[in-house]
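Below is one structure, written out as structure tokens; comments come after it.
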Amino acid sequence: MEGFADDRGRVQVYRAEAPEAPLPKEPRATGYENYYYSQKLPGGGQENHRFEDLWNPIETVWPETVRALQAYPVQTSEIDQR
């Protein structure tokens with residue numbers, strides 16, 4: 001999640017119990033450790049890994065993707081012509 005952090009190394013955390021009040025947190029202080037990505041199972045209990053596993057391949061390459069996009073900026077005039 002470091003690739004999503006601001007210049008202070010923090011990400012905005014939106015808690016389910018208070019989504020209107022985001023908290024700036026260090027990436028290691030969010031997510032799985034607090035079970036934000038956990039899902040209740042129909043038969044009881046909870047799944048703690050499925051959602052994180054879904055995003056892991058995307059998050060892993062995200063910083064590289066952002067750098068690649070920044071290396072080839074699109075001019076506004078190019079977008080207007082489409």
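I'm trying to understand the selection: among the residues of the stretch 62-72, which are surrounded by 10 or more Cβ atoms within 10 Å (Cβ to Cβ) and not in a helix (DSSP H, G or I)?
Scanning the stretch 62-72 gives no hits.
Would you check which residues across the stretch 61-82 are modelled with pLDDT of 85 or more and of a type in the set (Gly, Ala, Ser) and list them?
Within the stretch 61-82, 68, 71 meet the criteria.
Mind listing whichever residues of the stretch 37-60 are modelled with pLDDT under 80 and within 12 Å of the chain's Cα centre (by Cα)?
Scanning the stretch 37-60 gives 37, 51, 52.
For a quick check of your reading of the model, give me the residue pairs whose first member lies in the stretch 46-61 and is loosely packed, with under 11 Cβ neighbours inside 10 Å, whose second is of a type in the set (S, T, N, Q) and not in a helix (DSSP H, G or I), with beta-carbon atoms closer than 6 Å and at least 6 apart or on different chains.
Matching pairs, first to second residue: 46/38.
The values are calculated or read from the model by the stated rules, or taken from the named source; none is laboratory data. No experiment lies behind these values; they were computed from the predicted model shown. With ideal geometry, Cβ positions are generated from the backbone for all residues, glycine too; neighbour counts draw on all protein chains shown.
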